[in-house]
Structure formats: structure tokens, C-alpha cells
Amino acid sequence: MHRETPSCPERVDWDQRGTRMGSVGAEGRKEATPALTPEGNVVMSFSFESYQLEEEDSQTKDVPDKGVLTFTEPAFEVPEPQDHYHGIYFAMLLAGVGFLLPYNSFITDVDYLHHKFKGTSIVFDMSLTYILVALVAVILNNALVEMLSLHTRITVGYLFALGPLLFVSICDVWLEQFTKKQAYAINLVAVGVVAFGCTVQQSSFYGYTGMLPKRYTQGVMTGESTAGVIISLSRIFTKLLISDEKKNTIIFFFISISIELMCFILHLLVRRTRFVHYFTSRAKRGLAEVKGHTDPGTGYRVHHDVITEEDNGLIGVSPTEAGTEAEFAGSGTYVRFDVPKPKIKRSWPSIRDMILHRYIVSRVIWTYMLSIAVTYFITLCLFPGLESEIRNHTLGEWLPILIMAIFNMSDFVGKILAALPYDWNGSRLLLFSCIRVIFIPLFVMCVYPTSKPAFTHPAWPCVFSLLMGISNGYFGSVPMIQAAGKVIPEQRELAGNTMTVSYMTGLMLGSAVAYFAYNLTSHSSCFNSDSANNSFTSGY
């Protein structure tokens, strides 16, 4: 005789099958049987074959009191999506192109700038303006990382980059609506706006890729060098194919605008992919758990009770809850489908918390921060300011264009080499970054003494630019790639932003040194591009 339990319809259903539900795996798997609760809700009951649940193991172990919730997990584990055909990697590479291409567009047409603003320090002024505004922007972005969404910051960055490119190319280069003095100021303001937008975009992307596998950070940094290569080749071909300086400059700018627009559209598409959503949501879910929100918002939970009542009743479940829970036969396991999504009250963190978070991250990655800062400090002492001013009787304005193209291409190679699987120690990275200081005296010897420099042949600055580009690409990428892996997943976006602050600090200091060095020597004729007798390589 079996014992009926009229007050619980689902138990009556189980007993009528003549099954002892407390013994898991004793019977073949049957179809789910619906049963009505007193409130009219439907409950599905199951029995299993060859599935060993936690109840069997609990019989051999000490067990807690009845009714204690011992385990909570999602019912299903979402498989990790794959980057088929490397489409996401290519998109991240183009993202790196997108946030350095506008600035490169302004400084790579150095021949046009020297012709239009003859006798001025336009390239030095642009470089310093860009770096100063960029440093402010990256600090602001680092402060707002918890306040504004990632994609909002990236979208604003793209808009700030496209606007000045369009305005300068149409109103200044094409229509020539401004005087020389006005155009000079407008170009500097345009570079400042581009610096703000692109730096917010850049800093956000490093936080973005910090949540993805490491190779995608390397892809973004490779894209930065790709931007330089694309712009250099674009300037070379437009200058070769079209002799009119105004026309080839207009075409040059419109090529840049088209590429930037393509990068923006691709970002809007990629951000919606399942691959990106999987990794970014996992990092954000980890951050939510740290803050006390343990439910990922799936809408269900699987609960395991190690002991159930002898008649297989639902322990600790009120009649109103019974309709939204399904019990797994006799195992004490049941699924709740009515788990509400956590109501997270959005609030900005306090200044103290923000500083503490950044201090914790910086203590872990400080050697990587110093390494990338030193690398870009040394590079910006020489590029683009000093390199753009080098002249030669034979090559003329082509020499700075070729030197900058060589640097951009070798920097691209260095960033590709950074993808090699070698785990650098932070201290060793810092040491090798400091060794690059040798490039400063080498380039100086291409300039001084003024009457006859130590390295007179134009091949010397080309070789030095090649070596500096490769080392800059490699030691400027490896710290950024590896730093995010040194912290826990929920801190990776902040680590990426913090590394970008160090990166921009190095750029700012290097540009400042180059600018002040130019001002100190501007009275001497070695920096005067108008004097052919006093060119940097006058001995050639």
C-alpha cells in the first residue's frame, strides 16, 4: 500500500507510479508529469536513470541540518564562443587604426604644413597640443570608467575624431576660407579636439580588450602601427600620383576620413556579437559578484538540499512558492524559475573608493606602467618633431616623409613581434625600455655639429628610425598586453585604463622635452628649414 498525500498533488502523481522517489537512478527516465498546485500553477516532476546527484555522496559525509541551502549554480554552462575566421581580431586591429589615424593624418602631410606655415614650428606645436590634451582626456576617462558606459565613451571618441578631419579638409585645405594665422590656430584646435576624442576612445578600447583574451590587446596595438603605415603610404602615393599639392592633400584627407568611418561602423557591428558579449559580461558579472550581487540574472537557480523529508516534501517552501519550483525526484534538487533579477541601484563610487581601486591595481602592474611610459618618452623625444625637421639637398622634403614612413612600418613589425608567446618579467621589461635611451644621442649626432654632423649620410637617420620603430613597437606593446593578465578579470578594464595613463604620461613628457629642446636651439640655424645651407644633413 502506498501512502497518499492529498495536500500535495505532485506527490500523489509520483506515488501512483509506484516509485520510491528517494532512490535516485533506480528507475528509467520518464516523461515530465505536470501537476497542479493549490494556486493552479503547473509543476513538472522528473525521474532520472544513470545520473548520480549529490545525494548519494552526501550519505557518506557529515551533513548539515535539514533545509540548509548548500549549493547554488546556473542550470546550464554557456560554451565559450570562438572567433571564427579571426573576424573579431581584425575588427580590433581596425579599432587601433581608428584612434591614431586622425592625428597621423594631421602630422604626416609634413610637406604641406611646411609649405603653408613656412618658418613655423607647426609640427612641434601640433605634437605638444595633442599630448597635453590627450593626457587630460585619459585622466578624465580613467575617472569616468565606472560612471559612463564603455561604448558611450568609444562612440563619443569616434565623433570627436571625425568632426575635425571633415572641417579642416573642407574648410581649410579645400575652400581656404581662413588666413594663415587663423588656419594655424584652427589646425591646433582641431588637433586638440582629435586628441580628446581619440584618447578617450583609445583608453576605453584598452579597457575593452582587457576583458577579452590577450591577443586582442595585441591586435589593437598592431592597429596603431597599421594606422601609421596606412597614412604614410597614402601620403607617398598621393604625392607621387598628383603633383598639385592642394589636390593631393585633399585626397589624402578624404582617404583618412573614409577609413575612420569604416572603423566606426565596424565597431558598432562587432560590439553586438556573441563573442564580445560573452567575455565582457563575464568580466562585469565577476565585478558584480565582488560587489555582492551573486545572481547573474539568468532567471533560474538550481538548489541542492542534502537531506529531504522522508516523504520527499519540498523543505522550506511555502504553498505560494511551490508553483514556481520543480523538484528532481527524491534528490532534494529543485529549480526555481521565478528568481528575480537583482535590483542594482546605480550609484557613483566615492573618491576614496576610486583612489583605492587604482592603488590596488597599480601595486600589481607598476613595473609595466613604468616600462611603457619610458618607452614612449624616449620615442616622443625624437618622433615626430626632430625627424620631421631633417632636410637634405638631394632628397629635400622627401627625407622626413621617408624617415617617418620607415618608423611607422618598423613599429608595425615590432607590434606583430609582440604577439610571440613570451612572458616578460616586469623588471626586465623596464630595463630594456631604459636601454632605448641610446637613440637620443644617435639622432643628435645626425644634427650636431651644425657645420658637419657626425652622421652626414641620410641613410643613418633611416637606420636609426628603423631600429627605434621596431623596439618601440615591441616594448610599447608587451607591457600593455601582459599587464591585464596580472589582475583578476573584474579589474582588467581599470588596468587597461591605468596603463593608458602611463602611456600618455610618457608621450606628454617626451613631447615636452622635444618642444623645449626645439625652443632652446631655434636661435641656431640647425632647426631652420628655410636655410638650405644649414640643413641637418648639410654635409651630404
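Of the whole protein surface, Lys118 contributes about 120 Å² of accessible area at a 1.4 Å probe radius. Residues Thr498, Thr120 ordered from highest to lowest accessible area at a 1.4 Å probe: Thr120, Thr498.
Quick one: grab the alpha carbon gyration tensor of segment 95-143, order the square roots of its eigenvalues as a ≥ b ≥ c, and give me rounded if a/c is under 1.5, else prolate or oblate depending on whether a/b is larger than b/c. Each step should come with its number before you reach the end.
Details: a/c = 5.57, a/b = 1.75, b/c = 3.18.
It is oblate, given that a/c is not under 1.5 and a/b is not larger than b/c.
Per-residue 3J(HN,Hα) values for segment 465-474, derived from phi via the Karplus relation 6.51 cos²θ - 1.76 cosθ + 1.60 with θ = phi - 60°, read 5, 4, 5, 5, x, 5, 5, 5, x, 6 Hz in sequence order (x marks Gly and Pro).
Extension gain for the segment Phe237 to Tyr85, taken as residue separation times 0.36 nm less the Cα-Cα distance, is 51.6 nm to one decimal.
Within the full protein context, the accessible area of His457 is estimated at about 90 Å² for a probe radius of 1.4 Å. Near Gly476, once Lys and Arg are set to +1 and Asp and Glu to -1 for all other residues with Cβ below 15 Å from its Cβ, the sum equals 0. Taking square-rooted eigenvalues a ≥ b ≥ c of the alpha carbon gyration tensor, is segment 414-460 rounded, prolate or oblate, where a/c under 1.5 means rounded and, failing that, a/b exceeding b/c means prolate? Because a/c hits 1.5 or more and a/b fails to exceed b/c, segment 414-460 counts as oblate.
Longer than 28 Å from Cα to Cα, which of Lys118/Lys239; Lys180/Lys452; Lys415/Lys486; Lys181/Lys246 are they? Say none if no pair is. Walk me through the numbers on the way to the answer.
Values: Lys118/Lys239 19 Å; Lys180/Lys452 35 Å; Lys415/Lys486 20 Å; Lys181/Lys246 18 Å.
Beyond 28 Å: Lys180/Lys452.
Shape of segment 124-256 from the C-alpha gyration tensor: oblate (a/c of 1.5 or more and a/b not above b/c, with a ≥ b ≥ c the square roots of its eigenvalues). About its Cα centre, the dipole of segment 152-290 is roughly 560 debye, where the only charges are +1 on Lys and Arg Cβ and -1 on Asp and Glu Cβ. Approximating the spin labels as points 7 Å out from Cα along Cα→Cβ, the Asn519-to-His115 distance works out to 3.1 nm.
For Tyr278 and Val437, what does the FRET efficiency come to when R0 = 41 Å and r is the distance between their Cβ atoms, rounded to the nearest 0.05? Using R0 = 41 Å, I get an efficiency of 0.45. Residues of segment 81-97 with an amide N closer than 19 Å to a point placed 7 Å from the Cα of Ser258 along the Cα-to-Cβ direction: 94-95, 97.
The values are calculated or read from the model by the stated rules, or taken from the named source; none is laboratory data. None of the values given here were measured: they were computed from a predicted structure. Glycine gets a Cβ as well: all are built from the backbone with ideal geometry, and neighbour counts include every protein chain shown. Accessible surface is based on the protein model in full, side chains and every heavy atom, while ligands, DNA and RNA are left aside. Shrake-Rupley method; radii C 1.70, N 1.55, O 1.52, S 1.80 Å.
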